[in-house]
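Right, one structure below, let's go through it.
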Amino acid sequence: MSRSAIAPAKGQNRNADNPAARGTRPAGFAPGRIGLYIFLGLTALFFILPLYVMLVTSFKTGEEVRMAHIFQLPRSLNLDAWRAAWSTDCGYAKCPGISTGFWNSVKITVPATICSVLIGAFVGYILSFWRPKGANILFGIIVLAGFIPLQVFLYPTVRVIAFFDIYGTLWAVILVHILYSLPLTVLLFRNYYVAIPFDLFQAARIDGAGFLRIFFALMLPMATPMLVVAGILQFTGIWNDFLLGLVFAGPANQPMTVQLNNIVNVTFGEVQYNVNMAATLLTAALPLVAYFVSGRWFVRGITAGAVKG
Amino acid sequence: MTPILDIKQASIAYGDIVVVPALDLSVAPGEFIVLLGPSGCGKSTLLSAIAGLTDLHDGQIWIRDKNVTWAEPKDRGIGMVFQSYALYPRMTVEQNLSFGMKVAGVDKATIRSKVAEVARILQLEPLLTRRPSDLSGGQRQRVAIGRALVRDVDVFLFDEPLSNLDAKLRNELRIEIKRLHEELQRTMVYVTHDQVEAMTLADRIVVMKSGHIQQVGTPSEVYNTPANLFVARFVGSPAMNMLEGRLQGDVVTLGQCARLSVAGYPLPAGAGGPVLVGIRP
């Protein structure tokens, strides 16, 4: 500890009325603290250990995996499993690996994220500032819809999508993702905009700005922290989705998660744990990167409502 | 002289609650009008109705011989300064000042000269490239005033513009606003609950209470000849002392024995009986 230079002699009382007390309070370790750190350490271990096993296994050869020392480090950094997962292996047969799934996921996630965030911001803006008649009831219904599990709507949605004759296409899966995301994004942006002083909106009206101008010139730039938060939430949520991709995308557009499942759930032959681990890590990589890159913004956006300015 | 701002029988209601019942007020061109009253008296509501941000329940608002009752805020020929400044946080001072003109499609050269002129009047030149978050409270409010000034309008509306500032700045900006009024000779409608601001700034003060106008008059009229008890008690600091007494002729008897001659005061003819005597300390 850097404070040790000014730390008092052993046994010196740091809590009670001490006439010698001056300046920075000396650091100390209470037993409760130690217990706390042990608990936190164990919790962290609980989450890190599976990740460690995955990482280590993915670099092993098939022979090493069969030795069943799951915590042992690999003898060498063997990239065969990663290569197989990315471009050759599909579980039971030779095929392009999950790289096609990766690009399918990009094609689904990017437009669905952008659309759901922008529409959410727009609806939130309308509900907070223009307050049409029944806005609160409408908002209540939107939020309520967000609480109902989407599996409930699955069959009716399939029928509707089939009616419009886009079932099994990229459009279908993107559209369904946007629709199911709206309750969350509308909720986020509506609550963000409600905290912004109404005077600002009125000042813009006096300046002559209209419905769209106020949104694009004023309210959208102001919501940058929330755009980042909603963007990350939507990106990770849609990327990690399995069900909607499985049901709506059709065989040609299956996202990465569905292909990963195809690789991992083999019904015959030998289970290639190292390839499975590599494929799983590849699937999880992009959301992780997105989170790390924008983590600072994410925290700032989450707490934006709490701190003024 | 025709009034530049004429409010005719205006009433404002939120749902069934009438905030301002049928109110009349005429403002002459170049006048500095202060709406004074305790919080919740409807003065800010009235101001936002003049601005067109709140709809009237009944009545009319005329600005420069045009009925603007149903007009959009931008078409009314008004500029407004808010208590919370309401500056656009993601824009620089210059962009804040020019936003309205940009929306209106004014050409760039005009915008630049207009912004430069207002910046000179309000001494904002060194701040033009800064964001509102980098400004002090007083500077922010000067920018907010500037945003109203560039609009080049007939009537300026001020909604408690100084109440978020500390006492020293409040004094400085009060003088600044008065100076602006004298320099520009524009009509200003100014809402405040601070009677010092009202007394020092106003050509005429409108004292309001629960939506009703209590008295309209110059600061000295309101101070010296209050129309009713409310105005007498509300205006003046320290407050007026109220004593019960009896009036006989031009002598008031206070309590048992104290006698006070009120000969010089304008009393209604034949007044007498129990009275309340207001004495300013």
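The values are calculated or read from the model by the stated rules, or taken from the named source; none is laboratory data. Please read all numbers here as calculations on a predicted model, not as lab measurements. Please note: Cβ atoms are built from the backbone with ideal geometry, for glycine as well, and neighbour counts cover all protein chains shown.
Points worth noting:
- Odd one out for A:Ile137 among (1) of a type in the set (Val, Ile, Thr); (2) free of Cβ contacts under 8 Å to residues at least 40 places away in the same chain; (3) surrounded by 15 or more Cβ atoms within 10 Å (Cβ to Cβ): (3)
- In the stretch B:99-121, residue farthest from the other protein chains (Cβ to nearest Cβ) [restricted to those that are in contact with an Asp or Glu (Cβ under 8 Å, 6 or more places away or on another chain) and in contact (Cβ under 8 Å) with a residue 40 or more places away in the chain]: B:Ile121
- Pick from the stretch B:139-168, criterion buried (at least 18 other Cβ atoms within 10 Å of the Cβ) and more than 14 Å from every other protein chain (Cβ to nearest Cβ), ranking: nearest to B:Ile33 (Cα to Cα): B:Leu162
- Of all residues in the stretch A:152-180, those that are in contact (Cβ under 8 Å) with a residue 24 or more places away in the chain have Cβ atoms under 9 Å from Cβ atoms of residues that are surrounded by fewer than 12 Cβ atoms within 10 Å (Cβ to Cβ) and in a helix (DSSP H, G or I), 6 or more apart or on another chain, in A:Gly168/A:Pro251; A:Gly168/A:Ala252; A:Thr169/A:Ala252; A:Leu170/A:Ala252.
- Residue count, the stretch A:92-124 (criterion: of a type in the set (Lys, Arg) and either farther than 26 Å from A:Ala81 by Cα or assigned to a helix (DSSP H, G or I) (or both)): 1
- Meeting the requirement of 1 or more residues that are within 14 Å of chain B (Cβ to nearest Cβ), surrounded by fewer than 21 Cβ atoms within 10 Å (Cβ to Cβ) and at negative phi, the helices (runs of 4 or more DSSP H) wholly within the stretch A:176-252 are A:198-206, A:224-240.
- Among (1) under 26 Å from B:Ile61 (Cα atoms); (2) at pLDDT below 90 - the single one B:Gly137 does not satisfy: (1)
- Residue that is nearest to the other protein chains (Cβ to nearest Cβ), among those in the stretch B:70-98 that are polar (S, T, N, Q) and more than 21 Å from A:Ala223 (Cα to Cα): B:Gln83
- Within the stretch B:23-56, restricting attention to residues that are away from chain A (no Cβ under 14 Å) and of a type in the set (D, E, K, R), the residue that is farthest from B:Leu5 (Cα to Cα) is B:Lys43.
- Of all residues in the stretch B:249-270, none satisfies being modelled with pLDDT of 85 or more and either small (Gly, Ala, Ser) or closer than 30 Å to B:Glu197 by Cβ (or both).
- Close pairs from the stretch B:157-169: first on the phi > 0 side of the Ramachandran plot, partner surrounded by 14 or more Cβ atoms within 10 Å (Cβ to Cβ) and among the hydrophobic types (A, V, I, L, M, F, W, C), Cβ under 6 Å, at least 6 apart: B:Glu160/B:Val191
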